[in-house]
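Structure, as structure tokens:
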Amino acid sequence: MTVLIGCSPSDPEPETPGTEALTKLITADQYKNTLSYIFGPGIDVPAQFAPVTRTEGLLSNSLATAGVSSGQVQTVQAVASNVASQVVDVRYRNHLIPCRPESLNGPNDACAAQFLSDVGRLLFRRALTEEEVGVFTEQARFAAEELEDFYAGIEVVLEALLVHPETLFVIETVEPDPASPGQLRLDAYSMASRLSFFLWNAGPDTELLAAAESGDLLAPGGIERAVDRMLQSERLVEGMRAFFDDMLVFDEFATLTKDPNIYPQFTSVTAREAREQTLRTIIDHTLVKDQDYRDLFTTRSTFMSPNLATVYGVPAEPGWTPYTFEEDSPRAGLLTQVSFLALTSHPGRSSVTERGMALREQFLCQTVPEPPPGVDFSVVTMPDAHYPTQRQRVAAHLETPSCAGCHRITDPIGLSLEQFDGAGAFRLTENGAIIDVSGGLDGFEFEGAIGLGAALRENPELPRCLVQRVYSYATGAPPAIESRPVLEYFNQTFADNGYQLRGLLRTIALSNSFSRIQKNPVEENLLAASGSR
């Protein structure tokens, strides 16, 4: 059983300006998860939204600047039509629509209003007004009369709700904070949404919305009660899978390919299961076992599927099973899993530089500059009998002054992983030459992937980067410079609590920095009108 951490650091949270109130597009997975909660897993939601650009390490940081083109609206409308059709289908209608019309061949205002107000509340993440319920009921009545079918009327209005801007966009609104005169906070509904998309990657459930409606959520102890319930929910797993999927750039699996002549064992199934293996490892380590986040880079515990077992060269068992690499295995930690190794390689060869750059950017939150224009890559991309190994080929980087600065911080990392080829399989030689896996990371010298994982585990920037990423993910934007003191507070609290993820989530969700909103001219006027500035 999971025991929640007290999270009561000796030092109080420093004063913080908070974050901005955002209007942001929800993701396809958030759309799917929300509809799955409302209608159940039996309803298929084939949603695929247009990709967004990654900002400071996360796709989620770009959702506030993402829009929906007319073509995308048509795509979402097709999904909405599909879902609405399923909901009113005779197979599902009796348990998804909590009332029965007196006649199937015409309107029934009472039943339509009951269903549409319940569903609309969950889709809009707030209670509908009486006026809104009246409009939607009237639309259902009109459609049912025209089509001579009660459920056809429901279907028409449900489709409209599923593509409504308040369904597709999270619109955060604020109010004066009575506990901190002159400050603004998220209002109850916006707080419920920010918590739910952060921890569950879906809209609020009925209990969280009820707490927002009743005033309990923002009453003393209300947020703490809600957060503790959410952290104990099974839905936290889905939320954290989404976060790590974003942080680890796993969206690139969608376009990952390997040369089948060089890596015949690597298929689309391998790619899909490599992604799943890493997510299972992370969730088991951080949420099921509540272990130290840093140990993810040294643990030999993971999960194995028969398809992946052929790449790892280990015995296969049916289905997904827990697996522990032997003590003398060259594999331990996330950096030696096929997901990281294959994603940071080219289709036909490994990449020392890509692996080093990915480690610095994904796990240490460092930015490696793009190559300068006019760089000649032929030395490292063309086979050359004089350079049988990657170590010899990439040495050319260091001989070019314009390249050397960046490659000194990436290549020593990637070279230590060279015993894994571009598909993540183990090897001892390259073109007949023994692979030298000596490497370095920020002053620490080591041998091979095991040494790299141990060095990374002890790097103080590793947990600090996670804190920064989680805070960005929670609030929907990269942290501002003014947030540095509160990030230091989160870092210290994370360390005091043994680097346990659940404790970090709780600390951030309960912080003033999570709920407080910075003032802009609109909010200044709100404060002036309330007389609280």
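The values are calculated or read from the model by the stated rules, or taken from the named source; none is laboratory data. These numbers come from a predicted model, not from an experiment. Don't worry about glycine lacking a Cβ; one is built from the backbone with ideal geometry, like all the others, and counts go over all protein chains shown. Each accessible area value is taken on the protein alone, full model and side chains, heavy atoms only, with ligands, DNA and RNA left out. Shrake-Rupley method; radii C 1.70, N 1.55, O 1.52, S 1.80 Å.
If you take the residues of segment 22-39 that are farther than 18 Å from residue 209 by Cβ and assigned to a loop (DSSP other than H, G, I, E, B), which of them is most open to solvent (accessible area, probe 1.4 Å)? Write out each step before concluding.
Initially, segment 22-39 is screened for residues farther than 18 Å from residue 209 by Cβ, giving 22-25, 27-29, 32.
Still in the list and also assigned to a loop (DSSP other than H, G, I, E, B): 22, 27.
Details: 22: 19, 27: 42 Å².
Going through the qualifying residues, I end up with 27.
Which is in a helix (DSSP H, G or I), modelled with pLDDT of 95 or more and open to solvent by less than 70 Å² (accessible area, probe 1.4 Å), of 394, 311, 380?
Details: 394 fails: modelled with pLDDT of 95 or more; 380 fails: modelled with pLDDT of 95 or more.
When all the criteria are applied, what remains is 311.
Give me the residue from segment 66-79 that is free of Cβ contacts under 8 Å to residues at least 40 places away in the same chain and part of a helix (DSSP H, G or I) and, out of that set, most open to solvent (accessible area, probe 1.4 Å).
As a first pass, look at segment 66-79 and keep what is free of Cβ contacts under 8 Å to residues at least 40 places away in the same chain: 69-72, 74-75, 78.
Next, from what is left, pick out any that are part of a helix (DSSP H, G or I): 70-72, 74-75, 78.
Values: 70: 93, 71: 38, 72: 56, 74: 133, 75: 68, 78: 61 Å².
Among those residues, the one meeting the criterion is 74.
Can you tell which of 179, 160 is assigned to a helix (DSSP H, G or I), open to solvent by 10 Å² or more (accessible area, probe 1.4 Å) and aliphatic (A, V, I, L, M)? So that I can check it myself, show each step before the final result.
Values: 179 fails: assigned to a helix (DSSP H, G or I).
The unique qualifying residue is 160.
Mind checking whether some residue in segment 452-462 is under 22 Å from residue 325 (Cα atoms), surrounded by fewer than 18 Cβ atoms within 10 Å (Cβ to Cβ), of a type in the set (D, E, K, R) and touching an Asp or Glu at 6+ places or on another chain (Cβ under 7 Å)?
Taking every residue of segment 452-462 in turn, none turns out to be under 22 Å from residue 325 (Cα atoms), surrounded by fewer than 18 Cβ atoms within 10 Å (Cβ to Cβ), of a type in the set (D, E, K, R) and touching an Asp or Glu at 6+ places or on another chain (Cβ under 7 Å).
Could you tell me which of the residues 272, 300 is of a type outside the set (A, V, I, L, M, F, W, C), surrounded by fewer than 17 Cβ atoms within 10 Å (Cβ to Cβ) and in contact with a strand residue (DSSP E or B) (Cβ under 7 Å, 6 or more places away or on another chain)? Give the steps one after another, and end with the answer.
Working: 272 fails: in contact with a strand residue (DSSP E or B) (Cβ under 7 Å, 6 or more places away or on another chain).
Being of a type outside the set (A, V, I, L, M, F, W, C), surrounded by fewer than 17 Cβ atoms within 10 Å (Cβ to Cβ) and in contact with a strand residue (DSSP E or B) (Cβ under 7 Å, 6 or more places away or on another chain) holds for just one of 272, 300, which is 300.
State which residue is farthest from the chain's Cα centre (by Cα) when the search covers only segment 407-428 and only residues that are at pLDDT below 90 and open to solvent by 40 Å² or more (accessible area, probe 1.4 Å).
408
Check off (1) in contact with a His (Cβ under 8 Å, 6 or more places away or on another chain); (2) closer than 23 Å to residue 413 by Cα; (3) part of a loop (DSSP other than H, G, I, E, B) for residue 328 and give me the number that stays unchecked.
Single failed check for residue 328: (1).
I want to confirm something. Restricting to segment 429-440 and keeping residues that are farther than 15 Å from residue 336 by Cβ and in contact (Cβ under 8 Å) with a residue 40 or more places away in the chain, which single residue is most open to solvent (accessible area, probe 1.4 Å)? Give the steps one after another, and end with the answer.
Narrowing segment 429-440 to residues farther than 15 Å from residue 336 by Cβ: 429-434, 436, 438, 440.
Those left that are additionally in contact (Cβ under 8 Å) with a residue 40 or more places away in the chain: 430-433, 436.
On the way: 430: 23, 431: 119, 432: 72, 433: 26, 436: 71 Å².
Among residues in segment 429-440 that are farther than 15 Å from residue 336 by Cβ and in contact (Cβ under 8 Å) with a residue 40 or more places away in the chain, the one most open to solvent (accessible area, probe 1.4 Å) is 431.
Only one of 145, 138 is surrounded by fewer than 21 Cβ atoms within 10 Å (Cβ to Cβ), within 30 Å of residue 173 (Cβ to Cβ) and over 34 Å from the mean Cα position of the chain (by Cα); which?
Numbers: 145 fails: within 30 Å of residue 173 (Cβ to Cβ).
The conditions single out 138.
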